[in-house]
C-alpha cells in the first residue's frame, strides 16, 4: 500500500497564514502624506481657478462635440441603409 503523505504540524499552517496576512497588510497600507499649508497668494489661487474653469469648459465642449459627431454618423448611416423614415 502507498504510504500516507506527511502531515504538517498543526500550528505550522496557522503561522504560515498569519505571516502571509502580515505581508498583505504591509503592502496594502498607503504611506502617510504630510498635509502642509499652501503658500499660494490669493492672486495665484485666482489664476489657477480661472485656468481650471476654462479647461473644464473646453473639455465639456470637446466631449459634447464628440457625442454630436457620433450621433450624426449614426443618423446618416441609418438613413443611408433605408432603416430610418
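Things worth noting here:
- Residue under evaluation residue 13, criteria (1) at pLDDT 85 or above; (2) surrounded by 10 or more Cβ atoms within 10 Å (Cβ to Cβ), criterion not met: (1)
- Cβ pairs under 6 Å, 6+ apart, first in region 43-63 and without any contact (Cβ under 8 Å) to a residue 24 or more places away in the chain and at positive phi, second surrounded by 10 or more Cβ atoms within 10 Å (Cβ to Cβ) and in a helix (DSSP H, G or I): none
- Residue match in region 43-60 (condition: modelled with pLDDT under 95, outside any helix (DSSP H, G or I) and loosely packed, with under 10 Cβ neighbours inside 10 Å): no
- Test result for residue 21, in a helix (DSSP H, G or I) and either touching a strand residue (DSSP E or B) at 6+ places or on another chain (Cβ under 8 Å) or modelled with pLDDT under 90 (or both): yes
The values are calculated or read from the model by the stated rules, or taken from the named source; none is laboratory data. Given the structure is predicted, the values throughout are model-derived calculations rather than measurements. Ideal geometry is used to build each Cβ from the backbone, glycine not excepted, and the neighbour counts take in all protein chains shown.
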